[in-house]
Structure formats: structure tokens, C-alpha cells
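This report refers to the structure that appears directly beneath it.
The values are calculated or read from the model by the stated rules, or taken from the named source; none is laboratory data. The structure displayed is predicted, hence computed values, not measured ones. Here Cβ is always computed from backbone atoms with ideal geometry, including for glycine, and neighbour counts include all displayed protein chains. Quick note on the areas: whole protein, heavy atoms, side chains included, nothing else; ligands and nucleic acids left out. Shrake-Rupley method; radii C 1.70, N 1.55, O 1.52, S 1.80 Å.
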Amino acid sequence: MTAEKKTVSIYVMGKQSEVPYGVTIMKAMEYAGYRFIRGCGCRGGFCGACGTVYRKPGNFRLKVGLACATMVEDGMHLTQIPFYPANKAVYNLEALEPTLGTLLKYYPEITRCLGCNQCTRICPQELPVMNYIATAQRGDIEATAHQSFDCIMCGLCASRCPAEIVQYNVGILARRLYGRHIAPRAKHLAERVDEIRAGKFDAELDRLMQMSKEELQKLYNARDIEQ
Amino acid sequence: MYTPEMLRLIEVVEQTREKRLQETFPRLTAEEKTNLLRSYHPDYMEGAMRPLKIGPNAGEKLPHAYVDLFESRSMIDADGLSLDDIAYDVDVLVIGGGGAGTAAALLAAEEGADVLLVTKLRHGDANTMMAEGGIQAADKENDSPALHYLDAMGGGGFYNIPELVRALVNDAPLCIQWLESLGCMFSKYPDGTMNTIHGGGTSRKRMHFAHDYTGAEIMRTLRDEARNRGIKVVEFSPAVELIKDERGQCAGAVLYNLETEQFLVARAKTVIIATGGSGRLHINDSPTTNHYGATADGLVIAYRAGAKLIYLDATQFHPTGVAFPEQIVGQLVTEKVRGLGAQLVNIDGEQFIYPLETRDAVSSAIIRECRERQKGIPVPSGYGVWLDSPMIEIIHGKGTIEKELPAMFRQYIRFGINMAEQPILVYPTLHYQNGGILINEFAETQVPNLYVAGEASGGVHGRNRLMGNSLLDIIVFGRRAGKNAAQKAKTVQLGKLTLEHVRRYNEELAKQGLGQRVAPILLPDYRGKISG
Amino acid sequence: MSIPYFPGCTLHVKAKDLDDSTRAALAALGLELTELPEWTCCGAVFPLAQDNYMGMVAAARILANAAKLGDGRLVTVCSFCYHVLKRVNFAFRNRTEARNKLNEYLEEHYNGEVTLLHPLELIRDDVGFDVLQDRVYRRLKGLKVACYYGCTLSRPAEEMGFGEPENPTIMEELVAALGAEPVGFSWKTKCCGSYQVLNNAALAADRAQAVLEAASRQGAHVIITSCPLCRYNLERLPVGAAGKGESEARLPVLYFTQLLGIALQLPATTLGLDSHYLDALKEARA
Ligand SMILES: Cc1cc2nc3c(=O)[nH]c(=O)nc-3n(C[C@H](O)[C@H](O)[C@H](O)COP(=O)(O)OP(=O)(O)OC[C@H]3O[C@@H](n4cnc5c(N)ncnc54)[C@H](O)[C@@H]3O)c2cc1C
Ligand code: SF4
Ligand code: SF4
Ligand code: FES
């Protein structure tokens, strides 16, 4: 990462700008005078608002990245894709069964996957997207849930899918099915909820609420800390 | 990628690692902590604040960035805008599409209310999406809501409002169960027991998490559920002013369509502000962990409508913001990294603070180590200290970082740093708005029919929030706000809509020679700069 | 020794019994199968147009992924998967243009290095039917078995290389090694109705009926197959969709791996076998 050049040339939707070397696409665009309305959210790689496609000179490959996490390079041609239309199934999670049938009912198009692997190639989170669609296709909801877990729903995969699958919506359905219907429930949690409903802690909390700052402080400083 | 000089300094860290694995740095006594904060916490910096001249909190000292906002005039012409032309007419208007707003909308809808959620960016573009570390709840056998209460109070310097803390700790397990039933994939053991760890200032391991995408997992689940329930959402349409009726009740908001640049009137029987925090104000010129829309809009419009603020002078600096590489300076290194055993280490490879002190204390200690003791590591933006992340792999086994902290790992590997093998450089960064609009345990403000939930509210966390209590706060008070606002809406009779309070506020500003700027600012302006 | 294995979607869901019995029977013969770490659907149908490369790319990637494992072999048992993978592999080995085109879409270069094996071939080559004969615990003496290949295993002959296209014999050789008696059976490579079951159930039912009757005429007690769809059509259709009621020609239909498992005295549960099959078999031989 030794900077010979202090600036690089980028082309935002065809328009050339000189921007500092070594900054992210997002910061470079701002430096070049853009003020984002769309295409910018968390600025830290979590929200998927800033999907960007670009090409580099002399390379036919279409590249993608998050504008907030990809560095500018000299000669880069780019545009953001802050929105891509997607169908999202509407369901009552509670009433669903965690089966292949459920996935197919809401997203029958998953069987159309051609295995082209464009989605995996494009995913800025480097998730095995094709693979989590493959596991969905065979009803392995747990695998789909885990493999798609880091998805930030940027929509880039869906923008490239020849089978018109909206991978990330399949992913969240699988995760919610897993979390609701497959993962074992926390017993201690249910018990604690019952205790709270029964008012088990009310008296103690009442007492704490009445305490002066000094009394509380004493208790606080003396509390034992779980190792 | 580290510079050769940094790589040399890393060797120093490696040399002391084995010894440090055996040593626990002593905790601060209460007195040491007070002194440390007084001397080094940014809240106590000379010249960082000035008294506010207008509104319910006039006379209080606040950071300049807030005072600038509250002393700004409205975006709209209170006389020129017609309130007869109503674009949306609903029972409950929720302002803000983060975790608090979405939880509120869901509960309000469950109560049968007609709900509209308006938000500034996309639904879910919010601080909630960024929370990595976890969410607290006392649901283990060795824990209790009372212990949770004590921790939260102590963390907040005992300034917290008791009724709010009680609501927080009491509802906590209920909220986790609600999230579980919505399909949130919390990290669990095979028998369903929640995997929980410590956070700074906790006496029990009660931090629940979903890898290090805890906030994202909660946010996307709530958003998906809102979509399933058919809740109306209008994106890219921030509220820029509250509307009242002639009886002084809050009665809706003026929205601003960022794309068409039109003002739109939304009338509602009750209004919930859930606009989140204010990191993008860059208080003290600090970098921030916050999302693009964290500009305190909700505070501004509520303040003009007569709501009172509390503890807004207490700003939370997260002790471990990225100090290097430059591209991601200010972004968060989650507290979970320390929770899993990584120590803070100076240029000589020595520890200088117990890693899980409260955030204000750890931040102050890092600042002291760098400023006074000159034991920081130089980076382009100033200095940093080491966070010895490879210790995690030694303590919990190889591969733990990639498994438990995939987001963090990814963030660094993109820039050529492998945090499983190399320590990382950190420095405090502007993270959380400890105070906000004063609410009671029903999430009500002092303005009739105006509710607030989440980071925009104040009082729950006193002067310093503990990690994991904010994600909790947004669910607890989001739900309470939604439920109460919906129930209240059933009995509300609205009178004629008015922006009289805005007009009066502008007049008062003019009288005092203020109001040159316009607020809310909605989005920060980084044009022509390298910032944020 | 552990051999790369591609189960295929159907085996993962509906035909779990084929998957289970294949793994169990081969393991009993010392052939350990290891599922590919990542795999997708193979496409299920080989494209009709020679230049429909998109229709082959999924299968191509499965083969390329198998090549990375270095064993040089890939085992799959479902007849459809075997058909598609084998033909795509053939294209890689014999059609330069297909090879070049497909490689444009793959992450790793692949030249057809992998040898695709049906478990029948694997047993023949790695164990040997003569050796198998001695390893059988429960010889299936007196059991008359109709070996049903269906239309996908042996045709097109040049590409599949599964023996005589209209009269393959490898399944019969297995059956003989188990001590049972393979019956001659003219419909053994005729189509069972296949995917027509979705569009034209009556047509499929007629085909299935014909297969069953042909087997029955030869005195078969049981039909074996390696295809989940064949089994589905043969088993269910004559009773249900065709509306002809219980057919006289109704025979139990098993996967060949289940029959093998029985001969190897594997527990019925590991073979995904219902006890009524075992009873039916016992009765048949009695
Ligand atoms: C990087 C990071 C990590 C964190 N980690 C943790 C953690 O581990 N544990 C924990 O408990 N807490 C954590 N926090 C804090 C916690 O995530 C937030 O405090 C909390 O999520 C705030 O939720 P909220 O709903 O109040 O606000 P937000 O989630 O920020 O949502 C506010 C919403 O309001 C919208 N909005 C703003 N202005 C307007 C307007 N004028 N009109 C309409 N809409 C508007 C915004 O666009 C946004 O969608 C973290 C915070 C950050 C930034
Ligand atoms: S799976 Fe798709 S939506 Fe999710 S992060 Fe990857 S490209 Fe984006
Ligand atoms: S892009 Fe679509 S068709 Fe291609 S592999 Fe991914 S899901 Fe399948
Ligand atoms: S702005 Fe959120 S991922 Fe880039």
C-alpha cells in the first residue's frame, strides 16, 4: 500500500473526478462533491445501502463492492445500485412449518437456480450464496440459515440472478424459520419470564428504587462479579 | 496493512503476551475512577460546551454542536405551509425506522392502531443495524433483574431515573423471549441455553448475542415482521417538525421528501419519536461509529415542541474505535473483543487499565495513556493503543475470531490486517448519546401524546450507558411506546392543526439574535472533504 | 478409503432411504463415501440443445469441485444425477468447444479429469462381484428379481458407457452375486413415465403399469432400481393416479442398495426399510 500517486482518477457514472488515493469509494464520492441521499447508510459495512458496481480498465469483469468498504483505484468506472426491486413473500411465521414445502410455497423460483454462481461471485460479504440457495432447494433450512447469516441484504446477488431469485429474502425466511421453529428454545429464559410475571422480583426492585445514591453505591461496589 | 514501524511495535506486544495472559490488571477504585473521568473524559474538557439560550433547558451547558442545533431556525415557513392538505392521516405516527421505531410500530399495530412509520433513509438504515456486541437481560439462574438494576445504575453514575431502569430490567427477559419467538437467531448452546458473556460493567454474564451481528439480526427480523404485518412505511421522508393541535397536543409531523423536496403533512393521534442518536454531529470533532442519519433531528423537533432534555451533556465515547487503517477510522471495534479476553496494551506492551471497566473509564484511560503518558502508538490521525486480539485465539482456540466476530474480522481483512494474528489499533470514538428527551416509564414526554423511545430518549442510562443496555432499551421502550401510544390514540380527539409552537420558537430566536442556521440538518455534509 | 460422493437433492429430501442405504451398504463393503463439502442441484435434466451451456454449468461445477478433492473419482447413485453428470463429463472430455465455454463460467479450470462412478460400477471394480459373493451373509436364494434400469442409466450409449444400451447387465450381476435370481425382463430399459407424472399422470401410469406387468410375467418377486423417480412412479402410480385400483401386477419396488443391504444383514432402519417390505420379501421366497 505504498502510495506513489497522491490522487487517482475515478469515473462516477462516467464523470471524471480526481480523488485522494487510498480512501473508500464512499468518501471519494463525497470528496468529489456528492452528497448522498440514497446509497449511504451505516458507512461501516452493515446495512447494505451502498452496493456499487465497477469496472477497471482493461478487465472485462464486472466487479462489485460496498462503497463504504472498497478502496478507489485509478481508472475505476463506477455506479451505485442503492435499490433493486425484489419480491418479498408475506407470511405468518408462527403458523409456518420449517420444511422444504414452506420454502417452495413462498419462493418456488429457487428450483430455477441454474448454478451459474454469479451470486456467490458478486456477494460483497463473500457468502456462499449459490450454496445457500442449493441447501434451501433441498430443504436444509438450518444450513441455509447459517450460511446466509452474515447477509446484509444489499441486493446485489438478486441483481445478477438469471433465475430471478431474490436470494436474501430466501435467506431471511430460512433464518426466521430456524430461529423460531428449529433452534431449541431457551428454557432458563421461559422460566425467568414466568418468575417476572409472577412478581418474584418486585419487592427487591421496590427496595432498590427507594435507596439513596449512597446506599446503592455501597451495594454496587460490594457486588461480586461472575468469573 | 501495517507499516514496517507498526510491525516492529507489534513484536513488543507479542513479547509480553505470554506474561499478560497470566495477569489481571487491578480494577479502579471508585475514587480513582472519579479522578480519571474528571481529568480525561471529553465531557469535562474546558471549552467544549456553552449554555443553551432558548427553550425548556435554557441555561444548561451542552456541547457546542447541540447548542448550535437548538439555536437554529426551522426548515419550514410556519405561516406559509398549509396544514389542510393532509397526505397521511393515521392513529399512530412513528418517526424513525430503527429498532425502537420498528418495535413500536409492531406493538401499535398489534393493538389495532393504524400505524405509519416514516424514516429518513431506508427502513433499517440505523444505528440498530450496526450494533455488534449484544443485548443484556438477566435470565440466567445466577442473575436477577435486581443485579441488572444495580449494574445499570452504577454504570450510569447513579443518575438514571429509577422507574426507567426498573422497566428496563424487568422487561428484559420478556423482550428477549419476544425476539426469540420472532425467530432471532441468538447464539445458543445445543440445548437451547443462551450463550451469554460479560460486557463492560456487568456483574453477571448476561450479554446475549448473535455472532457479532446482534443489532443487524434484530433489525432485519423486526423489519421483516413489519413487512409481513403490512405496516405502512415511507422511506426517505424525515420528519422536520412536529405538528400540534390548538389544545397543545402533539398531532403529527411535517415530513420532507428528500427526493422530491416536497413537504408533506402527516396527521396522527399520537406520535412516537424514535430517531436515534447524534454521532454525526461530530461533537469535539470526533470521528463516530454512528450511521449516516444520526443527526439528532428528533431532539430538535421535540425541543421546539416543548419537550425537556436530560443528560445531553454526557456523551459516550466508545473506548475502542478504529485508529488504523485510515479508511475506517472511528468505526467500532465491538466491546465483545475485550469480553472475549483481548487486553489493551500501550507502546511498551503493558496493560494500563482493566479491559472491562465502564466505557467512560476505559476511554479516559486510553486518552491519558496517549496524551499524558505519551505511550500511545502514532497513527496518521493521531495516536492509538493496541487491542491485543490474538489473545482471543489463545484463550478460546484457533478460529474463534472468525467464528464469533465475523463482521470485525471482515472489516480488517478488507484492509490487509488479520486480527486473529495481529493486534489492532484503537482510540476512543464518538458512540452514543447517553441523554436525550426526558421520558417516563410509559415512554411519554411532557408534551401530550408525544412518546419517545430508544437512543433519542434520556434518563434510562443516566450519564453512561452500559453495552447491551441500548439494544435492550430500544426493544423495551419501543414496545412500551407502541402499546401506550396505540391505546391512547383510541381516546384522542384532535383539534385544529397548528405550527404555532414553531412560529413562536423562531420569534424567540430572532429576539435573541439567534437562528442563523437551519435545523434539523437531516444529513451531514461531507462534500469536498474526507470525513466521517 | 473415502470416496467423494454427490447425493443430489432428491436423496436429501424425498429419497433419504436411497441415500442411507447407499452409504450403509457401501460402508459395509469398506467403501466410505464422503459427501462433497458444497454441492448444488445438478440440473436434473441434460439440456436438449448441445450449446445450452447454462444448463450444464451446475453439473460442471460439481465435477470441478470433486476434482479439487484429488481422489479422481465421484460417486453418485440417483439415475438422473448420474445421467446428467456423466454426460456433462463426457462433454468436457470430448467436446473442445463445450469444455472451453464451460470453463469460462467456472472458478477453477476443469478438463474432465474426474471419473464418475455409479455404485454398481464401484462395487464391480473395487470389490468385485465374485468377492461380493463371499461377503454376503444372507444369501437371497429363491428370490426372483427384476432389474429395472429405466431410460437414463444406459442411454445414450456412447456417452453413458453403462454396457449394452438396451440390455445392460451390471445390476443382474450384482443380484446373482447376492444369491438371488435375476429374471429376464424386456421392459428393463423402457421409460417409467418419468416427469410425465407431473403433466400427464395417466400416461405415466400406463407406462408404469406396463413395466410392472412385464416384470410380473417373468415371475419376479421384486423390482429393483437406482432411481427415485422410477420407484415413485412404479410404486404409487398404478394404485393411485391411473385410477385402476389395486393392480394384480403390483410388486414391491426396492432400491438395489436396499437389497444389497439386506443381503449384507444390515439393520432395516439403516436401509430406510419399512418392515412390511421385509415381510413381503420373506413371503415371496416362501
Ligand atoms: C456501531 C455501533 C455499535 C453498537 N453496539 C451496541 C451493542 O453491542 N449493544 C447495545 O446495546 N447497543 C449498541 N449500540 C447502540 C445501539 O445500537 C443504538 O443505541 C440503538 O440501536 C438505537 O436504536 P434506535 O432505534 O433508538 O435508533 P436507530 O437505530 O439509530 O434508528 C433511528 C432511525 O431514525 C431515523 N431518523 C433519524 N432522523 C429522522 C427523522 N428526522 N425523521 C425520520 N426518521 C429519522 C434514522 O434514519 C434511523 O432509521 C451500538 C451503536 C453503534 C453505532
Ligand atoms: S447474499 Fe446477496 S444480499 Fe446478502 S450480502 Fe450477499 S450479495 Fe448482498
Ligand atoms: S445467480 Fe441465481 S441462478 Fe445463478 S447460482 Fe445464484 S441463485 Fe442460482
Ligand atoms: S453504507 Fe452500510 S454497508 Fe455501506
*Residue identified as acidic (Asp, Glu) and closer than 25 Å to C:Asp274 by Cα among C:Asp19, C:Asp51*: C:Asp19
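Okay, residues lined up against (1) touching a Cys at 6+ places or on another chain (Cβ under 9 Å); (2) of a type outside the set (Ser, Thr, Tyr):
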residue	(1), (2)
B:Glu259	no, yes
B:Thr270	yes, no
B:Ile273	no, yes
B:Ala296	no, yes
B:Val300	no, yes
B:Thr334	no, no
_Residues that are in a loop (DSSP other than H, G, I, E, B) and more than 7 Å from chain A (Cβ to nearest Cβ), drawn from segment B:185-202_ = B:Phe186, B:Ser187, B:Tyr189, B:Pro190, B:Asn195, B:His198, B:Gly199, B:Gly200, B:Gly201, B:Thr202
*Out of B:Gln446, B:Gln516, which single residue is away from chain A (no Cβ under 14 Å), at negative phi, surrounded by fewer than 22 Cβ atoms within 10 Å (Cβ to Cβ) and under 24 Å from the mean Cα position of the chain (by Cα)?*
B:Gln446
*Assuming A:Leu173 fulfils every condition listed in (1) over 17 Å from the mean Cα position of the chain (by Cα); (2) more than 7 Å from every other protein chain (Cβ to nearest Cβ); (3) of a type outside the set (S, T, N, Q) apart from one, which condition is it?*
(1)
*Checking A:Gln217 against (1) touching a Leu at 6+ places or on another chain (Cβ under 8 Å); (2) within 7 Å of another protein chain (Cβ to nearest Cβ), the condition it does not meet*: (1)
*In this structure, does C:Phe90 turn out to be assigned to a helix (DSSP H, G or I), more than 16 Å from C:Gly8 (Cα to Cα) and within 21 Å of the chain's Cα centre (by Cα)?*
yes
*Restricting attention to helices (runs of 4 or more DSSP H) lying wholly within segment C:133-240, give those where 3 or more residues are over 25 Å from C:Asp20 (Cβ atoms).*
C:157-160, C:196-199, C:201-217
_Can you find, within segment A:185-213, the residue that is nearest to ligand 4 (Cβ to nearest atom) among those that are open to solvent by 50 Å² or more (accessible area, probe 1.4 Å) and part of a loop (DSSP other than H, G, I, E, B)?_
A:Arg185
*Tell me which of these C:Ala27 doesn't satisfy, since it passes every other one: (1) part of a helix (DSSP H, G or I); (2) open to solvent by less than 10 Å² (accessible area, probe 1.4 Å).*
(2)
_Among (1) without any contact (Cβ under 8 Å) to a residue 60 or more places away in the chain; (2) open to solvent by less than 20 Å² (accessible area, probe 1.4 Å) - the single one B:Val322 does not satisfy_ = (1)
*asked:* Can you report the number of residues in segment B:217-236 which are away from chain A (no Cβ under 11 Å) and of a type in the set (Ser, Thr, Tyr)?
replied: 0
_For A:Cys123, only one of the following conditions fails: (1) more than 14 Å from chain C (Cβ to nearest Cβ); (2) open to solvent by 10 Å² or more (accessible area, probe 1.4 Å); (3) within 16 Å of ligand 4 (Cβ to nearest atom); (4) of a type in the set (A, V, I, L, M, F, W, C). What is its number?_
(1)
*Mind listing whichever residues of segment C:154-193 are of a type in the set (Gly, Ala, Ser), open to solvent by 20 Å² or more (accessible area, probe 1.4 Å) and either modelled with pLDDT under 90 or in contact with a strand residue (DSSP E or B) (Cβ under 7 Å, 6 or more places away or on another chain) (or both)?*
C:Ala176, C:Gly184, C:Ser186
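Can you work out which of the residues in segment B:337-352 that are part of a loop (DSSP other than H, G, I, E, B) and surrounded by fewer than 24 Cβ atoms within 10 Å (Cβ to Cβ) is farthest from the chain's Cα centre (by Cα)? Break it down stepwise before answering.
As a first pass, look at segment B:337-352 and keep what is part of a loop (DSSP other than H, G, I, E, B): B:340-343, B:346-350, B:352.
Filter once more, so that each one left must be surrounded by fewer than 24 Cβ atoms within 10 Å (Cβ to Cβ): B:340-341, B:346-350, B:352.
Values: B:Leu340: 22, B:Gly341: 24, B:Asn346: 28, B:Ile347: 31, B:Asp348: 34, B:Gly349: 32, B:Glu350: 31, B:Phe352: 27 Å.
Per the stated criteria, the residue is B:Asp348.
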*Tally time: how many residues in segment C:20-57 are within 11 Å of another protein chain (Cβ to nearest Cβ) and of a type outside the set (Phe, Trp, Tyr)?*
14
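Table: residues versus (1) open to solvent by 80 Å² or more (accessible area, probe 1.4 Å); (2) more than 14 Å from every other protein chain (Cβ to nearest Cβ).
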| residue | (1), (2) |
| --- | --- |
| B:Glu11 | yes, yes |
| B:Gln15 | yes, yes |
| B:Arg20 | no, yes |
| B:Pro26 | yes, no |
| B:Leu36 | no, yes |
| B:Glu46 | yes, yes |
| B:Ile54 | no, yes |
| B:Ala58 | no, yes |
| B:Arg73 | yes, yes |
*Quick one: A:Arg138 ticks every box in (1) charged (D, E, K, R); (2) facing another protein chain (nearest Cβ under 8 Å); (3) within 15 Å of ligand 2 (Cβ to nearest atom) except a single one, so which number is it?*
(3)
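Can you find even one residue in segment C:2-17 that is part of a helix (DSSP H, G or I) and either within 16 Å of ligand 4 (Cβ to nearest atom) or of a type in the set (Asp, Glu) (or both)?
There is at least one residue in segment C:2-17 that is part of a helix (DSSP H, G or I) and either within 16 Å of ligand 4 (Cβ to nearest atom) or of a type in the set (Asp, Glu) (or both).
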*asked:* Restricting to segment A:141-154, name every residue that is crowded, with 21+ Cβ neighbours inside 10 Å, more than 12 Å from chain C (Cβ to nearest Cβ) and not β-branched (Val, Ile, Thr).
replied: A:Ala145, A:Ser148, A:Phe149, A:Cys151, A:Met153, A:Cys154
*Has segment B:400-419 got any residue that is closer than 25 Å to B:Gln15 by Cα, free of Cβ contacts under 8 Å to residues at least 40 places away in the same chain and of a type in the set (Gly, Ala, Ser)?*
no
*Under the condition of being near ligand 2 (Cβ under 9 Å from one of its atoms) and open to solvent by 20 Å² or more (accessible area, probe 1.4 Å), which residue from segment A:155-169 is nearest to the other protein chains (Cβ to nearest Cβ)?*
A:Tyr168
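Among the residues of segment A:170-184, write down those that are in contact (Cβ under 8 Å) with a residue 60 or more places away in the chain and either within 16 Å of ligand 4 (Cβ to nearest atom) or open to solvent by 10 Å² or more (accessible area, probe 1.4 Å) (or both).
In the first step, residues of segment A:170-184 are kept if they are in contact (Cβ under 8 Å) with a residue 60 or more places away in the chain; the result is A:170, A:173-174, A:176-178, A:180-182.
Result: A:Tyr178, A:Arg180, A:His181, A:Ile182.
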*Quick one: is A:Phe83 at the interface with chain B (Cβ under 10 Å from one of its Cβ atoms) and open to solvent by 20 Å² or more (accessible area, probe 1.4 Å)?*
yes
*Of A:Ala134, A:Ala145, which residue is out of contact with any strand residue (DSSP E or B) (no Cβ under 6 Å at 6 or more places or on another chain), under 26 Å from B:Gly215 (Cβ atoms) and aliphatic (A, V, I, L, M)?*
A:Ala145
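Using the structure shown, decide if A:Gly48 is open to solvent by less than 20 Å² (accessible area, probe 1.4 Å), free of Cβ contacts under 8 Å to residues at least 24 places away in the same chain and within 16 Å of ligand 1 (Cβ to nearest atom). Steps first, answer last, please.
Values: open to solvent by less than 20 Å² (accessible area, probe 1.4 Å): yes; free of Cβ contacts under 8 Å to residues at least 24 places away in the same chain: no; within 16 Å of ligand 1 (Cβ to nearest atom): yes.
So A:Gly48 does not fit the description; no.
Against the definition (among the charged types (D, E, K, R), more than 22 Å from B:Ile86 (Cα to Cα) and touching a Ser or Thr at 6+ places or on another chain (Cβ under 8 Å)), how does B:Arg304 come out, yes or no?
Values: among the charged types (D, E, K, R): yes; more than 22 Å from B:Ile86 (Cα to Cα): no; touching a Ser or Thr at 6+ places or on another chain (Cβ under 8 Å): yes.
When the stated conditions are applied, B:Arg304 does not pass them.
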